[in-house]
Structures are given as structure tokens and as C-alpha cells.
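One structure below.
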């Protein structure tokens, strides 16, 4: 069994866990710390350090996912034929003069205390905008909001199929560890 530490920096939480990269399973409970409201690199780095120290028995490479310029978004990357297209952070797509992440991310829903029906309308609007720009074959929702998809996804009506990541909120952790392990 090859175990690698995976850390996922998200809009509402930074979480990590050791991952059996051969099976794609967490081998311990994940450790989560809230993302600071003003996420400066130094502050986020301190949290990443705490997560690494929380798992002292995991050696070797550490994989870290982060959304780059954007802290959270409903869809944050574009894949073509299974390969990540670099520099395709889609959380900055503009809707009514605002970044989509400020309207349709999980942290936006939390901050504004939006009811799920209202949140679904925002996600729908974002996905329709995304669809008009890039015509995706599939949208995969990950991150914290993916584990609550049953509360809003049925109310999202778009052309493109929308599914949740198989690993839900653990997808970033597993993906980071797998990549760091060279798998």
C-alpha cells in the first residue's frame, strides 16, 4: 500500500488526509480547518503546515490542490479528453458584472444564507453561462457543496448533464495525493 498525504485548499475549508493511492481511499479521517475569510498565502500556508503536522507518520511527497486565483467556484477547471487544460479557472466568469464565484459558490451560499432553491437558481445561471461559452459534455461538481447536491441539484435545469464527483468533498484530497505519488 502506497500512502501519500493529500491536502485540498477550498473556499470554506482546507482539509487533508493520508490516501492509499492504489485504491483511492482515505486511510484516516480527514482533518479540516476553516479557510480564513481573507485568504492570504501566508495564512493558508500556516493551515497547510498544521494539517501536515497532524499526520506525522505520513512521509514522502505531499499533494496539494488549490484553485489558484479563485478560492472557490462551482466548476473550477476544464478537462479535454481526460487532461486538465491549464489556466482554465472558471470561477471568474462574469455574471452581471460579478465573478461567478461571488454568486454561485458554496461559500457565497453560506455567507448570504441562501435557501437551497435560490442557490439552485444561481448555480443554474452560472452553468448556463458556462455552457454558452465552452459547451461542455459534462459538469462534475466537487468541493463541499457536492455532498449536499441532493438539496439543490434537482432544481438546476441545464442542457449539459451535471453530476457530483464520485468522491464528493474528498476528490481534491485523493487527486492531490495521487498526483504527488506519480499515479
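The values are calculated or read from the model by the stated rules, or taken from the named source; none is laboratory data. Because the structure is a prediction, the values reported are computed rather than measured. Backbone-built Cβ (ideal geometry, glycine too); neighbour counts: all protein chains shown.
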Kindly indicate whether any position in segment 99-114 is crowded, with 21+ Cβ neighbours inside 10 Å, in a loop (DSSP other than H, G, I, E, B) and either out of contact with any helix residue (DSSP H, G or I) (no Cβ under 7 Å at 6 or more places or on another chain) or not assigned by TED's automatic domain parsing to the domain that holds residue 37 (or both).
yes
Matching residues in segment 7-28 - criterion: being modelled with pLDDT of 85 or more and assigned to a loop (DSSP other than H, G, I, E, B)
21, 22, 23, 24, 27, 28
Taking interchain pairs and intrachain pairs at least six residues apart, which have beta carbon atoms under 7 angstrom, with the first residue in segment 136-151 and on the phi > 0 side of the Ramachandran plot and assigned by TED's automatic domain parsing to the domain that holds residue 110 and the second part of a loop (DSSP other than H, G, I, E, B) and surrounded by 20 or more Cβ atoms within 10 Å (Cβ to Cβ)?
143/10; 143/72
